[in-house]
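Trainee: A single structure is presented below for examination.
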Amino acid sequence: MAQIRTYPDLERLSRAAAEHFVDLARQAVADRGRFAVALSGGSTPKSLYALLATEEFLRRVDWPRVHVFWGDERCVPPDHVDSSYRMAKEILLDHVPLPSEQVYRIRGEIEPALAAAEYDSLLRDFFGEVSGPRFDLLLLGMGDDGHTASLFPNTAALNERERWVVENYVEAKHMWRVTLSPPTINAAANIAFLVSGAEKAERLRQVLKGDYQPHLLPAQIVKPVNGHLLWFVDEAAAALL
Ligand code: 6PG
């Protein structure tokens, strides 16, 4: 079952999410000697990333044992203003003692199908075919239209059952994206959604309280098979729940 945690504003939501990140990292390193986290793009996680880079939080994460992935990427070069890799790098990764070989970005600059196949095989090498893609933490956001990662309403990637990573053309954005597939997302040990702002309130109500229509509301697809799902929501976004 999904757990919903509500906070007065984005700042406090981000602080709680940072504490969650620290706890899961500590636990994963203690249990398995490493912490595999998949980051999200968009604007909501920026304050979380900035907080994790502060002196206060930096010391609390064993960064040399962290492995950083992405849940999705826009098909643009890594220095492009729309690159989710660039965003996380500038706000967080450049400021923490993380070995560069433990940063696994999706190559948005190459042909989308190739970038997806390459990331698929990278994940298979990292996690192993048998264990499956079990991220210790997968961060997700939700768009105004109910999309999550780059699973947009009525797009082909929603039907993917075999591949771990897929390319997805998003008509609404006139662009290609590369995204984890639904089974890969749902194999994660922990998933945390960050949702903020009044403009998300009605869509969030539909996703959490409405009929199950995953092709219209892709965020509803997120149901970890053997993991925990937490929604970090601010009061403005939670207003209609
Ligand atoms: C992206 C992400 C996307 C994002 C949501 C929410 O790179 O844009 O793929 O799924 O998490 O669109 O974005 P905001 O946080 O900007 O609302």
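So that you can scan it fast, the table gives a plain yes or no per residue for (1) among the acidic types (Asp, Glu); (2) on the phi < 0 side of the Ramachandran plot:
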| position | (1), (2) |
| --- | --- |
| LEU137 | no, yes |
| THR155 | no, yes |
| GLU171 | yes, yes |
| LEU180 | no, yes |
| ALA192 | no, yes |
| GLY197 | no, no |
| GLN213 | no, yes |
| VAL222 | no, yes |
| ASN226 | no, yes |
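Trainee: Related question: Can you pull out the residues in segment 1-20 that are assigned to a strand (DSSP E or B) and within 16 Å of the ligand (Cβ to nearest atom)?
Mentor: Residue satisfying the conditions is TYR7 alone.
Trainee: Kindly provide the set of residues from segment 199-219 that are open to solvent by 20 Å² or more (accessible area, probe 1.4 Å) and within 12 Å of the ligand (Cβ to nearest atom), ordered by number. Break it down into steps so the answer makes sense when it comes.
Mentor: From segment 199-219, those open to solvent by 20 Å² or more (accessible area, probe 1.4 Å) are 199-200, 202-203, 205-206, 208-216; that's our starting set.
Answer for segment 199-219, where residues must be open to solvent by 20 Å² or more (accessible area, probe 1.4 Å) and within 12 Å of the ligand (Cβ to nearest atom): GLU199, LYS200, ARG203.
Trainee: Now, a different point. I'd like the residue in segment 156-167 that is free of Cβ contacts under 8 Å to residues at least 40 places away in the same chain and of a type outside the set (D, E, K, R) and, out of all such residues, is least open to solvent (accessible area, probe 1.4 Å).
Mentor: Taking the candidates together, the pick is ALA157.
Trainee: When you look at VAL178, is it out of contact with any Pro (no Cβ under 8 Å at 6 or more places or on another chain), among the hydrophobic types (A, V, I, L, M, F, W, C) and either open to solvent by 10 Å² or more (accessible area, probe 1.4 Å) or in contact (Cβ under 8 Å) with a residue 40 or more places away in the chain (or both), yes or no?
Mentor: no
Trainee: Show me the helices (runs of 4 or more DSSP H) entirely contained within segment 21-124 in which 3 or more residues are surrounded by 14 or more Cβ atoms within 10 Å (Cβ to Cβ), within 16 Å of the ligand (Cβ to nearest atom) and touching a residue at least 12 places away in the same chain (Cβ under 8 Å).
Mentor: 46-52, 84-91
The values are calculated or read from the model by the stated rules, or taken from the named source; none is laboratory data. Owing to the predicted nature of the structure, the values given are computational and were not obtained by experimental measurement. Reconstructed Cβ throughout: ideal geometry from the backbone, glycine too, with neighbour counts over all protein chains shown. Accessible surface areas use protein heavy atoms only, side chains included; no ligands, DNA or RNA. Shrake-Rupley method; radii C 1.70, N 1.55, O 1.52, S 1.80 Å.
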